[in-house]
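Note sheet for the following structure.
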């Protein structure tokens, strides 16, 4: 028997991620919204135009997050994680790793565009 999930079902999850209003870079995986917000080394505001839904590269669906360039480091440290936050709802929506980069206060950093993919059921 085959398995199936409508794109509407998969997109529903991805649309929750696309409700993020802030992207941050930080050191280590945060356990909560408060920990992520307190540990931010870099931040960028996000809006609906920063997200786009598409067919997944492997299967299913994906949400693509736009690149952010010229962001000023707020604190010194090594950024090795990226988190997406819903600030109004105080929610930590998504965390992923990134190549470690040492930051100094006031230094500039760019974050390349990336995507989150949810595969079709198998």
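No value in this document is a laboratory result; all are computed from the given coordinates. The structure presented is a predicted model; accordingly, all values stated were derived computationally and were not measured. Positions of Cβ are backbone-derived with ideal geometry, glycine not excepted, and every protein chain shown enters the neighbour counts.
Observations
- Each of 71, 53, 26 was scored by other Cβ atoms within 10 Å of its Cβ. Arranged with the fewest first, they read 53, 71, 26.
- Length released on extending from residue 88 to residue 45, taking residue separation times 0.36 nm less the Cα-Cα span: 14.2 nm
- Candidates 82, 16, 24: whichever shows maximal mean-square fluctuation once the chain is modelled as a Gaussian network with Cα springs under 10 Å: 16
- Taking the chain as a Gaussian network of alpha-carbon nodes connected by springs under 10 Å, the highest mean-square fluctuation of the residues 100, 88, 72 belongs to 88.
- Taking the chain and dividing mean pair separation by its residue count, relative contact order in percent (alpha carbons under 8 Å, at least six apart): 32 percent
- Each of (1) 38, 36, 24; (2) 55, 26, 25; (3) 43, 36, 25 is a candidate for Cα extents along the principal axes in Å; the one calculated from this structure is (2).
- Virtual spin-label span in nm between residue 15 and residue 110, 7 Å along Cα→Cβ: 3.3 nm
- Per the Cα gyration tensor, region 60-122 maps to an equivalent ellipsoid with semi-axes of 26, 14, 11 Å, ordered largest to smallest.
- Under 19 Å from the residue 57 label point (7 Å along Cα→beta-carbon), backbone N, region 98-121: 98-100, 111-121
- Helix-only arithmetic for the chain: the sum of -39500 (n - 2.57) across DSSP H runs with n ≥ 4, divided by the residue total, places the mean residue ellipticity at 222 nm at -4000 deg cm²/dmol.
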